[in-house]
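The values are calculated or read from the model by the stated rules, or taken from the named source; none is laboratory data. Small disclaimer: the values here were computed from a predicted structure and weren't measured. Glycine also receives a Cβ, built like all others from the backbone with ideal geometry; neighbour counts cover every protein chain displayed. Areas reflect the complete protein model, heavy atoms only, side chains present, ligands, DNA and RNA absent. Shrake-Rupley method; radii C 1.70, N 1.55, O 1.52, S 1.80 Å.
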Amino acid sequence: MSEKKGLIPPNQRVVSNKFPVLHFGSVPKFNPEKWDFTVEGLVDKPLRLTYNEFLKLPRTVSVSDFHCVTGWSVLDNKWEGVAFKTIFDIAKPKPNAHYVTVVAEGGYTTSLSIEDLLDNHVLLAYRLNDKPLEPEHGGPLRLVVPKKYAYKSAKWVRKLRFTEKQELGYWEQRGYSNSADPWKEERYA
Ligand SMILES: Nc1nc2c(c(=O)[nH]1)N[C@H]1C(S)=C(S)[C@@H](COP(=O)(O)O)O[C@H]1N2
Ligand SMILES: [Mo]
């Protein structure tokens, strides 16, 4: 029985043996020479960083739980990477920027309000539990948004686009909740 019983969202079950892998499409090949991370849209300072440049950004560590909308949760994951706030401070969003579309390799997208992304535990992670993030879990870089169902935690992130109006993401266009709060069990739109 989990020590966190009562502290996990309604109708989620904890998996403790292995972190499940879930995505559509195939795991993209990572080429550190060609990989880049870009920030575009409504920002004063658009960014393009190489993999090595990304690794030089200030690092943060955050332990959080992970809840998939299909009902499994993985508790106490130690993520390391760059806080969204760090990117936000570098890119300097314009006053009319309210949302961010997260664009991943292979066409997966999701989007969140800037307010949700500025939460303390939101980061672009490149390490999980003291090891480099494995490709199947989103390596080299994934978003982690613990307070939302995991379809908001895009794997293989390459781009953030700051927008005024929200652009619905891949699952959000297909009937899944855009607010995606596991505590309120917002699974479907
Ligand atoms: N690029 C991409 N990111 C994705 C997905 C996907 O299909 N493609 N699936 C999401 C869903 S529904 C879940 S539950 C988590 C699963 O992450 P994991 O495979 O590391 O457990 O990734 C999310 N991020
Ligand atoms: Mo999921």
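Put a plus charge on the Cβ of each Lys and Arg, a minus charge on the Cβ of each Asp and Glu, and nothing anywhere else: the dipole of region 1-119 about its Cα centre is then about 200 debye.
Each Lys and Arg Cβ is given +1 and each Asp and Glu Cβ -1; about its Cα centre, region 36-181 then shows a dipole of about 260 debye. Measuring nothing but how far apart in sequence close Cα pairs (under 8 Å, 6+ apart) lie, relative to its length, the chain scores a relative contact order of 24 percent.
What a 1.4 Å probe finds exposed on the chain is 51% carbon and sulfur by accessible area, rounded to a whole percent.
A simple count of charges around P95, restricted to other residues whose Cβ falls under 11 Å of its Cβ and scoring Lys, Arg +1 and Asp, Glu -1, yields 0.
A 1.4 Å probe run over the protein chains yields, for the chain, 52 Å² of accessible area per residue, whole-number rounding. Our estimate of slack between L22 and W72, defined as 0.36 nm per intervening residue step minus the Cα-Cα distance, is 16.9 nm. Could you point to the residue in S153, A189, L55 farthest towards the positive end of the chain's charge dipole, with +1 and -1 charges on the Cβ of Lys/Arg and Asp/Glu respectively? So the residue furthest toward the plus end is L55. For every other residue with a beta carbon closer than 12 angstrom to the beta carbon of V39, add +1 if it is Lys or Arg and -1 if Asp or Glu, then tell me the sum. My count for the surroundings of V39 gives +2. Listed here are the pairs K18/K184; K56/K148; K4/K94; K29/K85; K56/K147; which of them are more than 32 Å apart at the Cα? Violating the 32 Å Cα-Cα cut-off are K4/K94. Our summary of shape: the Cα atoms of region 36-181 have principal axis extents of 39, 37, 28 Å, ordered from largest down, in whole angstrom.
Give me the percent of DSSP beta bridges within the chain that run antiparallel, rounded to the nearest 5. Counting only bridges with both partners in the chain, antiparallel ones make up about 85 percent. In terms of overall dimensions, region 33-106 has a Cα radius of gyration and Dmax of 14.8, 40 angstrom. If you take the Cα centroid of region 59-92 and the Cα centroid of region 13-32, the two points sit 15 Å apart. Each other residue within a Cβ distance under 10 Å of L22 adds +1 if Lys or Arg and -1 if Asp or Glu, for a net charge of 0.
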